[in-house]
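I have placed the structure first, in the form of structure tokens, so that the comments after it can refer back to it.
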Amino acid sequence: MATAIAKNANEKVSTKETNVNSISIKAIEKNVTANKKAEQVKSIEKKVEEPVQKVVEPVLTLEQKIEKVENLKTLVDKREKLEMSRKKLQSFVVGANQFSENIVLTDENGNTFKTSNTEVFTKVVEAINTTLVGKISEIEQQIQF
């Protein structure tokens, strides 16, 4: 890399110095970036090195164990009933004939509502199925040992 001569003979600009300076600036930038990454890795290592404390579960008495088993049994029974209802609901076949299936709703006062509309029937079955699936998953989350 040659030396450039300016109009004034006394002023000389060295392109070597310019290239060296730009190279050293790039090297410093790379070094700073590498140092930052190293600091990040060290901070992550410090976080990982912290010991995990085990959760100590209290020792249950015999009565507490029996109560827990009874609660689990109740949850399992509820789940089985909901699962049976869902399977029975899936056995309904919606036909092309609009009058082949019907829904009857009765309240506590004995008032009834009856419909045989296929679309209404289908939507009610879907809504019941969605509700049953949601309830089953809620109970499954509650079942813990």
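A short reminder: the numbers here are calculations on the coordinates, not readings from a lab. As the structure is a computational prediction, the values presented were derived from the model and not from experiment. Because the Cβ atoms are built from the backbone with ideal geometry, glycine has one as well, and the counts that use them run over all protein chains shown.
A crude spin-label estimate for the pair Glu108 and Val120, with each label 7 Å from Cα along the Cβ direction, gives 2.4 nm. How many percent of the alpha carbon pairs in region 62-142 exceed a separation of 20 Å? The calculated P(r) of region 62-142 puts 52 percent of pairs beyond 20 Å. Quick one: net charge of Leu60's neighbours, Cβ under 14 Å, K/R +1, D/E -1? Cβ neighbours under 14 Å give a net charge of -2.
Around Phe92, what is the net charge, scoring Lys/Arg as +1 and Asp/Glu as -1 over all other residues with Cβ under 15 Å from its Cβ? Before the final figure, lay out the partial values.
Numbers: positive: Arg86, Lys87, Lys88, Lys123; negative: Glu101, Glu119, Glu126.
Once all neighbours under 15 Å are counted, the net charge is +1.
With θ taken as phi - 60° and the Karplus curve 6.51 cos²θ - 1.76 cosθ + 1.60 applied, the whole-hertz 3J(HN,Hα) list for region 69-83 is 5, 5, 5, 4, 4, 4, 5, 5, 4, 4, 4, 4, 5, 5, 5 Hz, x standing for glycine and proline.
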